[in-house]
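Data first, discussion second: the structure below is written as C-alpha cells.
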Amino acid sequence: MAFFKILVLLLLNFSCFRQAQLSPTFYDQSCSNALSTIRSSIRTAISRERRMAASLIRLHFHDCFVNGCDASVMLVATPTMESERDAVPNFQSARGFEVIDQAKSAVERVCPGVVSCADIIAVPARDASEYVGGPRYEVKVGRRDSTAAFRAIADSGDLPSFRASLDELSDLFLRKGLNTRDLVALSGAHTLGQAQCVTFKERLYDNSSDIDAGFSSTRKRRCPVNGGDTNLAPLDQVTPNSFDNNYYRNLMQKKGLLASDQVLFGAGASTDSIVSEYSRNPSRFASDFAAAMIKMGDIQTLTGSAGQIRRICTAVN
C-alpha cells in the first residue's frame, strides 16, 4: 500500500510537471484559434508599417531579458509600481505595445482569459520574422504573466547598452543562459529596423578606426554633431526592411551602425568566425536565429499556477 501511494504521488507530480512546461501545442484544446488569431493581427500591423517587424522582435527580447519572458514590459506605471517602459533602454525607444494590445483584444474575443500576454509577445516575434523573410519556427507557449514590473532591473544592465563591449555582451547573455553563438545570431535581428542618432553619433565623430569612412560620412548627414539626436537611421542601409544576412556583411566592412554591433567583428574578436560564417551562409544564420529565439523564450518563464493570465496587457488583474 505504501508503494502504491508513493507511485500515485510520483505520477501526480509528473503530471503537474508536464502541465507546467511550455509547448507549441499548449493551446490546441483550450484555444485552438489562438495562434492564427495572433498571426492575422500581427500581419495586419506590419503591412501598415514594415518597421514594426523589428520593433516586435525587439520587444520580445526586452521582455525576456528583464526578469524573464513574463510580459512585465507591457505594464504601465501605477502609484505603487514603476514601469519598465520608463527605463532608460526602453523610454521613447521600445515600440509595438499597441500592436500587442490589439492582438490580445482579438484573442480575448475568441477565448477570454486563456492566452497570456507573455505568449502574445513571443508569438508575434516569430510572426514578424516570417513576414519580412526570416525563419518560421515553432513557438513554445504556455507562459503566464507577471504581476509586477521591474524597472530597476531594466535600468541596472540586464538590457545591453549600445556602447557594450564584446565581453560585456557575452557575460550578459551567459547570465541568461545564452552562449556566444546565440549572442551573434540574435544580434542579427539588427538586419531590420532603425536606431536613433543618439545611440551611434559618438561613433561617427570620434575618429575611430573601426568604422568605414564613407559609411560614417553618409550617416553624419542625418546626425549632425549638434542636434538631431532623435533622427533615425536604418541599422542595415542596404535592405532595412528585409530579414537577411546583410548585417554580417556590413560588420565585415566596418559598417555596423552601433558600437555594440561592430564589436562582434574586427581586431581579432572571438566572434569573427561566426560573423564570417553567417555572412556566407544565410541558411545557417536563419537556423541559428530560430534556435536562439526559442531558447531565449525559455528564460525564467512563469508556468503552471505562477503569475496570472491578464485580462488586459497593460495592467495586473
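The values are calculated or read from the model by the stated rules, or taken from the named source; none is laboratory data. Everything quoted here is computed from the prediction, not taken from an experiment. Ideal geometry is used to build each Cβ from the backbone, glycine not excepted, and the neighbour counts take in all protein chains shown. Accessible surface areas use protein heavy atoms only, side chains included; no ligands, DNA or RNA. Shrake-Rupley method; radii C 1.70, N 1.55, O 1.52, S 1.80 Å.
Under the rule of -39500 (n - 2.57) per DSSP H run of 4 or more residues, summed and divided by the residues of the chain, what mean residue ellipticity at 222 nm is obtained, to the nearest 500 deg cm²/dmol?
Numbers: 14 runs with 144 residues, N = 317.
That calculation yields -13500 deg cm²/dmol at 222 nm.
Just how large is the dipole of the stretch 166-292 about the Cα centre, in debye to the nearest 20, putting +1 at every Lys and Arg Cβ and -1 at every Asp and Glu Cβ? Before the final figure, lay out each step's value.
Numbers: 14 positive and 15 negative charges, 75 e Å.
That gives the stretch 166-292 a dipole magnitude of about 360 debye.
Using a 10 Å cut-off on Cβ atoms, rank the peptides 248-259, 168-179 from the highest mean neighbour count down. Intermediate values should be presented prior to the final figure.
On the way: 248-259: 21.8, 168-179: 16.0.
Those peptides, ordered most packed to least, come out 248-259, 168-179.
Any idea which of Leu159, Phe173, Val123 is furthest toward the positive side of the dipole for the stretch 118-229, if Lys and Arg beta-carbons carry +1 and Asp and Glu beta-carbons -1?
Most positive-ward Cα: Val123.
Rounded to a whole number, what % of the accessible area of the stretch 33-158 do carbon and sulfur atoms account for, probe 1.4 Å? It would help to have the intermediate numbers written out before the result.
Details: 2210 of 4600 Å².
Carbon with sulfur: 48 percent of the solvent-accessible area.
Where does helix 166-175 land angle-wise versus the long Cα axis of the chain, in degrees 0 to 90, nearest 10?
Long axis of 166-175 versus the principal axis of the chain: about 0 degrees.
Take each of the peptides 217-224, 122-129, average the number of other beta-carbon atoms within 10 Å over its residues, and list them starting from the highest. Before the final figure, lay out the partial values.
Values: 217-224: 14.8, 122-129: 26.5.
Peptide ranking by packing, descending: 122-129, 217-224.
At 1.4 Å probe size, with the rest of the protein present, what percent of the exposed accessible area of the stretch 217-317 is carbon and sulfur atoms?
Working: 2310 of 4650 Å².
Here carbon and sulfur together make up 50 percent of the probe-accessible area.
What residue among Thr80, Ser93, Val141 has its Cα farthest toward the positive end of the dipole of the stretch 33-158, where the charges are +1 on Lys, Arg and -1 on Asp, Glu, each on the Cβ?
Val141
For a protection proxy built on the mean count of beta-carbon atoms within 10 angstrom, sort 183-194, 99-110 highest first, please. Let's see the in-between values first.
Details: 183-194: 24.1, 99-110: 19.1.
Going by the mean number of other Cβ atoms within 10 Å, highest first, we get 183-194, 99-110.
How far apart, in nanometres, would the label points at Ser23 and Arg181 be if each is projected 7 angstrom from Cα along the Cα-to-Cβ direction?
2.8 nm
Suppose all protein chains stay in the model; what accessible area per residue would a 1.4 Å probe give for the stretch 166-292, in Å²? Spell out each step's value before the answer.
Working: 5660 Å² over 127 residues.
Counting only protein heavy atoms, the per-residue value for the stretch 166-292 is 45 Å².
Using a Gaussian network for the chain with springs between C-alpha atoms less than 10 Å apart, which of these wobbles most: Val139, Val88, Val115?
Per the Cα network of the chain with a 10 Å cutoff, Val88 tops the list.
Hey, rough spin-label estimate for Asp171 and Thr239, points 7 angstrom out along Cα→Cβ, what's it come to in nanometres?
3.6 nm
Treat every Asp and Glu Cβ in the chain as -1 and every Lys and Arg Cβ as +1, leave all other atoms uncharged, and give the resulting dipole magnitude about the Cα centre to the nearest 20 debye. Let's see the in-between values first.
On the way: 36 positive and 33 negative charges, 128 e Å.
Charge dipole of the chain: 620 debye, to the nearest 20.
For helix 97-110, what angle does its Cα long axis make with the longest principal axis of the chain, in degrees from 0 to 90 and rounded to 10?
Compared with the principal axis, the helix lies near 30 degrees.
With θ set to phi - 60°, apply the Karplus curve 6.51 cos²θ - 1.76 cosθ + 1.60 along the stretch 282-293 and write out the HN-Hα couplings as whole Hz, x wherever there is a Gly or Pro.
Per residue, the Karplus-derived 3J(HN,Hα) values read x, 5, 5, 4, 4, 5, 5, 4, 4, 4, 5, 5 Hz.
Return a single number: how many Lys pairs in the chain, at a sequence separation of 8 or more or on separate chains, have alpha-carbon atoms below 19 angstrom apart.
Count of close lysine pairs: 9.
Does the stretch 200-315 classify as rounded, prolate or oblate by the C-alpha gyration tensor (a ≥ b ≥ c root eigenvalues; a/c under 1.5 gives rounded; else a/b over b/c gives prolate, otherwise oblate)? Intermediate values should be presented prior to the final figure.
Values: a/c = 2.47, a/b = 1.48, b/c = 1.67.
In terms of gyration-tensor shape, oblate.
Among Gln237, Leu251, Asn207, whose Cα lies farthest out toward the positive end of the dipole of the stretch 166-292, if unit charges sit on the beta carbon of Lys, Arg (+1) and Asp, Glu (-1)?
Checking the options against the dipole of the stretch 166-292, the answer is Gln237.
In Å², and per residue, what accessible area does the stretch 33-158 have when probed at 1.4 Å with the other protein chains present?
Values: 4600 Å² over 126 residues.
Heavy-atom accessible area per residue stands at 37 Å².
Taking the chain as a Gaussian network, Cα atoms linked when under 10 Å apart, which of Cys117, Cys31, Cys69 shows the biggest mean-square fluctuation?
Cys31
What is the gain in length, in nm to one decimal, between Asn281 and Ser305 on full extension, counting 0.36 nm per residue of separation less the C-alpha to C-alpha distance? Walk me through the intermediate numbers first.
Values: separation 24, 0.36 × 24 = 8.64 nm, distance 4.27 nm.
Contour length minus the Cα-Cα distance gives 4.4 nm.
Per-residue HN-Hα couplings for the stretch 199-213, Karplus 6.51 cos²θ - 1.76 cosθ + 1.60 at θ = phi - 60°, whole Hz, x for Gly and Pro?
After applying 6.51 cos²θ - 1.76 cosθ + 1.60, I find 7, 9, 4, 4, 5, 6, 10, 9, 6, 6, 8, 9, 9, 5, 4 Hz.
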